[in-house]
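Only one structure is covered here, and it is reproduced in the block below.
The values are calculated or read from the model by the stated rules, or taken from the named source; none is laboratory data. Remember, it's a predicted structure, so these values are computed and weren't measured experimentally. Here the Cβ positions follow ideal geometry from the backbone for every residue, glycine too, while neighbour counts run over all protein chains shown.
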Amino acid sequence: MGDVVIKKSKIGQFKTIGIGDGIFANRNFKKGEIVIKYNLKHLTPGEFENLPESEKEFTHSHFGKIYLYSIPERYVNHSSNPNTIQDIKKRCDIALRNIKKGEEITTDAAKDDTL
């Protein structure tokens, strides 16, 4: 996780520890570079139902399947003007433009299933 760090976010949609957390670049990234690799866990409907409510916040449906996001990717906040795009098939976030060290990593979650 050395390329990115979890810190408090002004976007802060994930409220597990007081104010929301986010992912921030711990180095510069170039456009087209993989920023975060996912370690998604596919869940059955039963496994999803048995998750604690605090973990359900970190699930998302892609192509009709439910996935649990791990750390750090679970803390990537949504933005309508993101600096990464999700590639669910390759299980990663890819830089849409150059990203500077210290910048929050964001994605457009509405485009999850488009790749």
Q.
For a quick check of your reading: which strands (runs of 3 or more DSSP E) sit entirely within region 24-115 and have at least 3 residues that are without any contact (Cβ under 8 Å) to a residue 24 or more places away in the chain, touching a Ser or Thr at 6+ places or on another chain (Cβ under 9 Å) and closer than 16 Å to Ile11 by Cβ?
A. none
Q: Could you tell me whether Gly12 is of a type outside the set (Lys, Arg), outside any helix (DSSP H, G or I) and either at pLDDT below 90 or within 11 Å of the chain's Cα centre (by Cα) (or both)?
A: yes
Q) So which residues in region 28-66 are surrounded by 15 or more Cβ atoms within 10 Å (Cβ to Cβ) and more than 18 Å from the chain's Cα centre (by Cα)? A) Phe48, Leu51
Q: Of the conditions (1) modelled with pLDDT of 90 or more; (2) surrounded by 13 or more Cβ atoms within 10 Å (Cβ to Cβ), Asp108 clears all except one; give me its number.
A: (1)
